[in-house]
Amino acid sequence: MESRYNPTAIEEKWQKTWAEQGIDLTPTETDKPKFYALSMFPYPSGNLHMGHVRNYTITDAIARVHRMQGDRVLHPMGWDAFGLPAENAAIKNQTHPAKWTYNNIAQMRSELKRLGLSYDWNCELATCSPDYYKWTQWIFLQFFQAGLAYQKEAAVNWDPIDQTVLANEQVDSEGRSWRSGAIVEKKNLRQWFLKITDYAEELLKDLDKLTGWPERVKLMQANWIGKSVGAYLEFPIVGMDEKIGVFTTRPDTVYGVTYVVLAPEHPLTPKVTTSERQEAVETFIKEVANQSELERTAEDKPKRGIPTGGKAINPFTGEEIPIWIADYVLFEYGTGAVMGVPAHDTRDFKFANEQNLPIKVVITPPNPPVHGGGQEKQNSLPAGGEGWGGVPLTEAYTDPGIMVNSGDFNGKNSTEGKQAIIEYAEQKGFGKARVQYRLRDWLISRQRYWGAPIPVIHCPNCGIVPVPDRDLPVQLPENVEFTGRGASPLAQLESWVNVPCPSCGTPAKRETDTMDTFIDSSWYYLRFCDAQNDGKVFDSAKTNDWMPVDQYVGGIEHAILHLLYSRFFTKVLRDRGLLNFDEPFQRLLTQGMVQGLTYTNPNKSGNAKYIPSNLVNPNDPKDPETGEPLEISYQTMSKSKYNGVAPEQVINKYGADTARMFILFKAPPEKDLEWDEADVEGQFRFLNRVWRLVGDFASNQSSAKLDQSKIQNPKSKIEKDLRRAIHTAIKEITDDLGSDYQFNTAISELMKLSNALTDTDSKNSAIYTEGIHTLILMLAPFAPHIAEELWQMIGNSESVHKASWPKCDSAALVADEITLVIQINGKTRGTIEVANTSDKNTLEKYARESEAAQRYLEGKEIKKAIVVPGRNLVNFVVG
Ligand SMILES: [Zn+2]
């Protein structure tokens, strides 16, 4: 036996042995319940950071617990390997993106292996590998065949110096190109879209099925989908046959419309513009064209707009109202036009005030305030709701109320009025009920190299022709130049672009756009179920068996896009007959951030305010340059804040088991975790204590065998107490891991058990042996290497990770004695140890005989004795 705990030697030895024995391979038998544990797969950026380590440790502990509890577990890992950084690195360093990516994968894989994560590496996949993206392309064609992939014009970021399209990430906060520094322009190109809007209602409705998801994530998704129920109304244009269609959630305010606004890009804009306004309108359109959507719609920015000179008619009142254009109306949203109701919409109110447009009150509060009284909000309304002639509004009145100045609808409750207005509009033929979603179709085209090529061919005769299945994958050519200038690298390669049409043989051209990398990650969890299938995207029987993922673990930053796109893909593939379930992820855990000790100089700004910790004396933190005192805080680890801790460094010093224990112990998984070296040390010391405890047991010649009959019949109070401690730990830890994965409290219980074993005077008993076994078994999911070493040390030959999770013997939890609290008139006067019983009379008898009762009750009359058996309490009420 080794006398000292040497994590490095143990961890390397077991990682090698486990790999040789294949103990982490996915079981093929199907007679056990399945459990699919999945971490969000990483982008191979170069090195693991602590956020990765936390994510993967949590999922690994979950996978290991479920294996020991008798489930067959799928626990895979792969690489989200396409994307911009590889291409940027290629442009900067003239290395091929594939080389950069695979080097990083190799580096990160070896770091993952050092953490002792129980992955089935036979399932490993990389989305940039042709045997993966072949199926990404095949899935794209499934969407295409279902009418869910289409092309239309959309704006891209255009660098006028390098003559190239830029990704959003390549444009800085000032709107300049990352490479040339040019101010980026908007340019319209034909782009590919996926029709996620067809699934908007189901994506919203099925959030109710996701009972294992955090409410916050579901709310974010619901807001992103943004369903609103309202009306579509049409405003005729004066002097033209055409009408302006608008969507509104407040049809009850339609009598208060004093103008309509078109998006500058709206096709009606040039038509309604009068000749006097033409020059001003064209100038305005050009200015808006170079603004981002965010700039145009930001809450805090002033809204800009100008009149077109054209007029529309409010079909309800017959009034002529001006047609404006404004930057905050986007053509891609809704109808690209809105009606202006300044009295009852905050944004319209602001705009109308700035532009001197009329404001007309058509809703008043349900109980009109008496002049000078009432609530603050109501004071902003003219008395009696008589509207525009009276006191001017100071803010929009957006609540429901009573309709006024609304013709036949006057006096109606505005909530009921909505329906009445819609019915009226339907009768008259100028409107109807409509549901609208904020969600828009997904733009998937990228004018970049390092992504899956969109597998279609443009033929002058046949139009868009899908690449036949037999010709998949459409491979990325390797002999490509990366300059960051001009057309996308694929478009520059004539020999790759020019191909005969698969349908008619005419010379045709390949699509040169590649797919958004979010597509690759929208289906990888399906491929893991049958990762090596080279004849099919996956065998539906296998995927239907493993799916849905039972526990998905990843960062909150993926709360919207990745999870929404994955849900969308699952539903489409279900509708294509490939899957038999509706939702991909049964339970979702969004782990908290890892925060590091951060030194900042409050007198400096930007990144300069962060001071690297190696330049700071922790006992007297001062800016090494200026001598100013520094502020200390915990902030999410990042390179720019110099507050990161490298996983490698921790593993080298303490071993992976200590790192894992610290991460699981320091905070509940969904909460932020503060990296604290002293607490890391604490976990290392705990593992050392366990090491010595088990070492002493293994070398003790008198240690008992694990004898069931002796375990179940403890001979003494000491043995009984020890067994109760063991089975209390089993119960508590099993409960903590049951649904919410409260590893922090589970590890606390493990420490209690270790203390009970250390302190007991019954070290040669069979029950002590049971305790040692139990401690190692329950340590195994958290600290897999040391648990395996200790398990072998006490004479087992099979892996601890193949062993069964200990079961709680509820008989062992019953205590022989309980502590009974004696109260007089509700005041605690003492406690006594009595035999465990729930018999009220017996408890009362013990209490009466107690010294406390004798003393305090002397000479007094007991009016009543209240006995609460469950709380082990007797209260005497005396006069
Ligand atoms: Zn053709």
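The values are calculated or read from the model by the stated rules, or taken from the named source; none is laboratory data. Note that the structure is a prediction, hence the values are computed from the model and not measured. When we count neighbours, we look across all protein chains shown, and the Cβ atoms used for this are built from the backbone with ideal geometry, even at glycine.
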field: Residues of segment 254-296 satisfying the condition of being under 18 Å from Lys350 (Cβ atoms) and at pLDDT 95 or above
entry: Gly256, Val257, Thr258, Tyr259, Val260, Val261
query: In the list Ser799, Ser762, which residue meets the criterion of being within 39 Å of the chain's Cα centre (by Cα) and hydroxyl-bearing (Ser, Thr, Tyr)?
result: Ser799
query: So how many residues does segment 807-828 have that are farther than 30 Å from Met778 by Cα and either in contact with a Ser or Thr (Cβ under 6 Å, 6 or more places away or on another chain) or surrounded by 18 or more Cβ atoms within 10 Å (Cβ to Cβ) (or both)?
result: 5
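Per-residue answers, yes or no, for (1) closer than 20 Å to Gly644 by Cβ; (2) out of contact with any Pro (no Cβ under 9 Å at 6 or more places or on another chain):
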site	(1), (2)
Pro584	no, no
Leu588	no, no
Thr598	yes, yes
Asn601	yes, no
Ser605	no, yes
Tyr610	yes, yes
Asn614	yes, yes
Asn619	no, yes
Lys622	no, no
- request: Determine which member of the set Ala352, Ala425, Ala420, Ala343 is closer than 25 Å to Glu293 by Cα, in contact with a helix residue (DSSP H, G or I) (Cβ under 8 Å, 6 or more places away or on another chain), at pLDDT 90 or above and part of a helix (DSSP H, G or I).
  value: Ala352
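Could you tell me which of the residues Glu293, Glu332 is surrounded by fewer than 16 Cβ atoms within 10 Å (Cβ to Cβ) and under 25 Å from Lys432 (Cβ atoms)? Talk me through it step by step, then tell me what you get.
Values: Glu293 fails: under 25 Å from Lys432 (Cβ atoms).
Unique residue meeting the criteria: Glu332.
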- request: Quickly run through segment 851-870 and pick out the residues that are in a helix (DSSP H, G or I), of a type outside the set (Asp, Glu) and closer than 15 Å to Thr828 by Cβ.
  value: Ala852, Ala853, Arg855, Tyr856, Leu857
query: In this structure, is Ser488 among the polar types (S, T, N, Q), surrounded by fewer than 22 Cβ atoms within 10 Å (Cβ to Cβ), away from the ligand (no atom under 16 Å from the Cβ) and without any contact (Cβ under 8 Å) to a residue 40 or more places away in the chain?
result: no
- request: Name the one entry in Thr95, Thr59 that is without any contact (Cβ under 8 Å) to a residue 24 or more places away in the chain and either β-branched (Val, Ile, Thr) or touching a Phe, Trp or Tyr at 6+ places or on another chain (Cβ under 7 Å) (or both).
  value: Thr95
- line: Reported set for segment 225-239 where residues are of a type outside the set (A, V, I, L, M, F, W, C) and farther than 14 Å from Leu262 by Cα is Gly226, Lys227, Ser228, Gly230, Tyr232, Gly239
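Taking into account only those residues within segment 208-233 that are part of a strand (DSSP E or B) and not small (Gly, Ala, Ser), which is surrounded by the fewest Cβ atoms within 10 Å (Cβ to Cβ)?
Val229
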Residues of segment 304-314 classified as surrounded by fewer than 20 Cβ atoms within 10 Å (Cβ to Cβ) and part of a loop (DSSP other than H, G, I, E, B), total: 1
Restricting segment 428-483 to residues that are acidic (Asp, Glu) and under 22 Å from Pro500 (Cα atoms), the residue that is farthest from the ligand (Cβ to nearest atom): Glu478
task: Could you check, for segment 494-506, whether at least one of its residues is away from the ligand (no atom under 16 Å from the Cβ), at pLDDT 95 or above and closer than 21 Å to Phe82 by Cα?
output: yes
field: Any hit, segment 105-116, residues being within 26 Å of the chain's Cα centre (by Cα), part of a loop (DSSP other than H, G, I, E, B) and acidic (Asp, Glu)
entry: no
- prompt: Can you name the residue in segment 242-272 that is polar (S, T, N, Q) and assigned to a loop (DSSP other than H, G, I, E, B) and, of all such residues, is nearest to the chain's Cα centre (by Cα)?
  reply: Thr249
message: Just to check your reading of the model, which residue among Arg54, Arg72, Arg109, Arg114 is surrounded by fewer than 21 Cβ atoms within 10 Å (Cβ to Cβ), touching a strand residue (DSSP E or B) at 6+ places or on another chain (Cβ under 7 Å) and either of a type outside the set (Gly, Ala, Ser) or closer than 16 Å to Phe528 by Cβ (or both)?
response: Arg72
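State which residue is modelled with the lowest pLDDT when the search covers only segment 297-313 and only residues that are under 25 Å from Glu234 (Cβ atoms) and under 41 Å from the mean Cα position of the chain (by Cα).
Filtering first and then ranking leaves Thr297.
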message: For the structure I just gave you, tell me whether Thr774 is closer than 28 Å to Ser709 by Cβ, touching a helix residue (DSSP H, G or I) at 6+ places or on another chain (Cβ under 9 Å) and hydroxyl-bearing (Ser, Thr, Tyr).
response: yes
message: For the structure I just gave you, tell me whether Ala396 is of a type in the set (Gly, Ala, Ser), in a loop (DSSP other than H, G, I, E, B), more than 16 Å from the ligand (Cβ to nearest atom) and more than 23 Å from Trp158 (Cβ to Cβ).
response: yes
query: Looking at segment 628-687, which of the residues that are among the aromatic types (Phe, Trp, Tyr) and in a loop (DSSP other than H, G, I, E, B) is surrounded by the most Cβ atoms within 10 Å (Cβ to Cβ)?
result: Trp675
